[in-house]
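Since the structure comes first, as structure tokens, the remarks are kept for the end.
The values are calculated or read from the model by the stated rules, or taken from the named source; none is laboratory data. Worth saying up front: this structure is predicted, and the values here are computed from it rather than measured. Cβ placement follows ideal geometry from the backbone for every residue including glycine, while neighbour counts extend to all protein chains displayed. Please note that ligands, DNA and RNA were not included when accessible areas were found on the heavy atoms of the full protein model with its side chains. Shrake-Rupley method; radii C 1.70, N 1.55, O 1.52, S 1.80 Å.
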Amino acid sequence: MKLLVTYRSVTGNTKKIAEAVFGVLEGEKEIKPFRDVDTLEGYDFVFVGCPIEFFGVGKTTKKWLYKHIQGKRIGLFCTHGAPELAPGVPIWTDALKDVATDAGAEIVNFFNCQGELSQKVLDMMSADDDPYVRKLASFGRDGSIGQPDEFRIEKAREFARRTMKKML
Ligand SMILES: Cc1cc2nc3c(=O)[nH]c(=O)nc-3n(C[C@H](O)[C@H](O)[C@H](O)COP(=O)(O)O)c2cc1C
């Protein structure tokens, strides 16, 4: 089975998860960022990862998903600055799943975890017109520093192993 792990990662968090997933895969496998993917043809299974941007799927990710994942079975994963249990998270991750499904993929398994929120993003959020975004910014980035930590990275490995079991 030929496997690919592909991801978008602006500040490196989703890349860490992608590398953890890649590390436990067996057999023929490749890892590359979205921008280096020409086609997903020829891969039997693809792990696809991205950050949550603006409470859902960023434009670049959305465009990439619609271009590439039609008819593919995928393991989908994402990182976000908010803690996993923050109220918005299930809404944003559902938005990502909806886009992937609408783009024609079958999601075999899904994983999400917190990633460090960069100071640059926090500054942007603090200056946003939307009071909800400013409210989120007021929580700061301290709780996210160092994420994804080893605990979350191990969870990502478990996600990859479980996903491959489902594919057997
Ligand atoms: C433009 C932009 C918008 C973001 N919007 C959200 C958001 O709505 N909710 C959230 O929890 N994190 C948000 N984040 C934080 C990222 O999802 C988080 O830091 C993620 O781990 C970044 O992954 P990366 O390092 O792979 O790019 C945003 C980040 C950026 C750059």
Report the Stokes-Einstein translational diffusion coefficient (µm² s⁻¹, integer) for region 33-81, Rh taken as the Kirkwood radius over Cα pairs, at 37 °C with viscosity 0.692 mPa s.
-> 284
So what are the ³J(HN,Hα) numbers for region 116-130, from phi and the Karplus equation (6.51, -1.76, 1.60; θ = phi - 60°), rounded to whole Hz, Gly and Pro as x?
-> 4, 8, 6, 4, 4, 5, 4, 4, 4, 5, 5, 9, 5, 5, 7
Residue pairs, from the table LYS15/LYS135; LYS59/LYS97; LYS15/LYS72; LYS63/LYS165, whose Cα atoms sit over 26 Å apart | LYS15/LYS135; LYS63/LYS165
So what's the gap between the Cα centers of region 1-22 and region 84-150, to the nearest angstrom?
-> 17
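At a threshold of 8 angstrom on Cα-Cα distance, excluding pairs fewer than six apart, so keeping six or more, what relative contact order does the chain reach in percent? Provide the component values of the computation, followed by the final result.
Values: 286 pairs, mean separation 40.2, N = 168.
With pairs under 8 Å counted, the relative contact order is 24 percent.
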Using a 1.4 Å probe, what is the accessible area per residue for the chain, in Å²?
-> 53
The long-range amide H neighbours of LYS29, using H built 1.01 Å from N in the peptide plane and a cut-off of under 5 Å, are LEU3
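Using the alpha carbons of region 60-137, what is the convex hull volume per residue in cubic angstrom, as a whole number? Could you put the intermediate results ahead of the total?
Details: hull volume 7.8 nm³, N = 78.
About 101 Å³ per residue, rounded to a whole number.
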Here, ASP149 and MET167, labelled 7 Å along Cα→Cβ, have an inter-label distance in nm of 3.1
Take the Cα pairs of region 3-167, get the Kirkwood Rh, then feed it into Stokes-Einstein at 10 °C and 1.306 mPa s and tell me D in µm²/s.
-> 99
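Using +1 on the beta carbon of Lys and Arg, -1 on that of Asp and Glu, and nothing else charged, what's the dipole of the chain about the Cα centre, debye to 20? Mind showing how you got there, number by number?
Details: 25 positive and 24 negative charges, 54 e Å.
It works out to roughly 260 debye.
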What list of ³J(HN,Hα) values in whole Hz, one per residue of region 21-32 in order, does the Karplus curve 6.51 cos²θ - 1.76 cosθ + 1.60 (θ = phi - 60°) give from phi, with Gly and Pro shown as x?
-> 4, 4, x, 9, 6, 10, x, 6, 8, 9, 10, 7
